[in-house]
Structure formats: structure tokens, C-alpha cells
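A short write-up of the structure that comes next.
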Amino acid sequence: MNRLYHVPLSPFCRKVRLSLAEKKIEVELVEERYWEPSAEFRRRNPAEKVPVLKLDGKMMSESAAICEYLEEAHPEPSLMPKGAQERYEVRRLVSWFDDKFHHEVTSKLLYERVNKKVMKLGYPDSKNVKFGAQKIKYHLDYMGWLLEQRRWLAGNSLSLADFAAAAHLSSLDYISDVDWNRNQNVRDWYAKIKSRPAFRGILADQVPGFPPPAHYADLDF
């Protein structure tokens with residue numbers, strides 16, 4: 001059976017979940033408490049990280065590598081454009097969200113507010129929360145600027161860049177840390193992407209002790 005070992009609010013897991021769902025690849029979701037690694041989990045991924053995908057008889061780790069595999073092994077529908085320049089732009093933006101956005105925003109808000117409590121690592125660091133709350137404004141403005149010129153983040157077609165961004169923002173939206181009124185372009189983009197069938201599983205997530213806000217699963221906000 002195909003399985004994805006994941007954590008519901010992990011943006012890296014969500015990126016893989018969205019790619020799988022868009023390509024209509026069915027997998028069983030298995031929640032993995034990676035901060036309490038077991039010998040069995042180490043065998044699946046010695047790096048002791050999620051996501052880990054069991055698919056096509058293979059055990060795969062690292063979200064970027066998994067998404068590249070899915071694109072090559074299951075090319076339809078494609079999440080990468082055909083042109084070299086266009087593919088570069090998708091990869092650039094995926095890296096932007098999984099590296100810069102994650103470092104400046106996700107790790108400062110989601111990890112402080114949720115992960116620390118779940119992992120019993122103490123209380124949120126207010127300096128980190130304040131830093132992340134300030135930095136997300138810059139990123140939303142940048143996204144808004146991109147969307148002034150394009151239908152989707154990397155171009156005129158939905159791509160992995162949109163799923164990478166939506167994975168991070170949906171995780172933060174679960175804890176009400178996104179000001180959707182800051183930029184109308186971003187709000188409209190997110191309304192489009194969360195209305196896709198691939199997003200249904202994401203919107204159905206429930207994390208014990210952290211109920212989502214009422215607007216989280218509302219397609220009209």
C-alpha cells in the first residue's frame with residue numbers, strides 16, 4: 001500500500017500531499033511523531049525527518065526530491081512548465097518558500113506556537129513570533145507583486161511553486177497568522193488554489209489542542 005508518513009501542519013508534507021492529490025495518486029496518510037524517532041522510522045529515513053513517501057515499491061524522503069520524482073514518474077497533470085526559463089522560475093520560487101519563507105516566517109510562527117507545545121519544548125519565544133509576524137508582510141507584498149504580472153506565482157499555469165507557497169500559508173492560516181486583507185491579489189490567488197479538489201484533504205486537517213479558525217475551510221473566507 002502507498003503511504004505518506006507525515007505531520008499534518010508540516011508545509012513540506014503538505015507540498016507533497018498537494019502534488020499527490022493533484023496527480024490523483026492515492027496514499028494512506030500515517031502521522032509520524034518524528035521528534036520521538038523509533039528504530040522503524042530510522043530505517044525508513046535515517047535523517048529522521050518527514051515527509052517519507054512509500055510509493056511504487058520505493059521509500060523516498062526529502063520533499064523536493066519526492067516532488068521531482070512525482071513529476072518524472074507521474075507527469076500528468078504536470079506541475080512544471082516545459083520551457084527551461086519557466087522551469088527555473090518554478091524551482092526558484094519553491095526554494096524561496098521552502099528556504100527563505102520557512103526560515104523567516106514558518107519557523108518563527110508555526111514552530112513557536114504549535115511545535116514547541118506538541119514536542120513539550122517550552123513556551124513560544126516572543127522575539128521569534130514578533131520577527132515572523134513582521135516578515136510575513138514582506139513576503140505577502142512580494143507575492144502580490146508577482147501576481148500583478150502573472151495568473152499564478154511562477155507564470156500563467158498552476159505549478160509546484162503555487163503548492164509550495166500554499167503549503168506554508170495554509171499551515172499558518174490554520175493558526176490565524178495570515179492577514180488576507182493585506183493584499184487582494186494574494187487573497188484571490190489563495191481562494192482559487194484552496195478551491196481545488198487537491199486541497200480538500202488539507203482543509204479537513206484537525207490537530208488536537210489546536211482547533212482551526214472558522215475561515216480556515218471556508219472557500220469564500
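The values are calculated or read from the model by the stated rules, or taken from the named source; none is laboratory data. This is a predicted model, so every value here is computed, not measured. Heads up, the Cβs are rebuilt from the backbone with ideal geometry, glycines too, and the neighbour counts pull from every protein chain shown. Areas reflect the complete protein model, heavy atoms only, side chains present, ligands, DNA and RNA absent. Shrake-Rupley method; radii C 1.70, N 1.55, O 1.52, S 1.80 Å.
Carbon and sulfur: what percent of the chain's accessible surface (1.4 Å probe)?
On the chain, the fraction of accessible area on carbon and sulfur atoms equals 50 percent.
About its Cα centre, what dipole magnitude does the chain give when the only charges are +1 on Lys and Arg Cβ and -1 on Asp and Glu Cβ, stated in debye to the nearest 20?
I would put it at about 300 debye.
At 0.36 nm per residue, and after removing the present C-alpha to C-alpha distance, how many nm does the segment from His103 to Arg150 gain when stretched out fully?
Contour length minus the Cα-Cα distance gives 14.4 nm.
List the lysines whose alpha-carbon lies under 17 Å from that of Lys130, not counting same-chain residues fewer than 8 positions away?
Lys100, Lys108, Lys116
So what is the accessible area of region 34-189 per residue, in Å², with the probe set to 1.4 Å?
Here the residues of region 34-189 average 52 Å² of exposed surface.
In whole Å, how far is the Cα centre of region 48-115 from that of region 122-144?
Centre-to-centre distance over Cα atoms comes out at 21 Å.
Once you sort the root eigenvalues of the Cα gyration tensor of region 99-221 as a ≥ b ≥ c, which label holds: rounded (a/c under 1.5), prolate (a/b larger than b/c) or oblate (the other case)?
Oblate is the answer for region 99-221, as a/c is 1.5 or above yet b/c matches or exceeds a/b.
Is the shape of the chain best called rounded, prolate or oblate, per the rule: a/c under 1.5 gives rounded, else a/b larger than b/c gives prolate, else oblate, with a ≥ b ≥ c the square roots of the Cα gyration tensor eigenvalues?
It comes out oblate by the Cα gyration axes.
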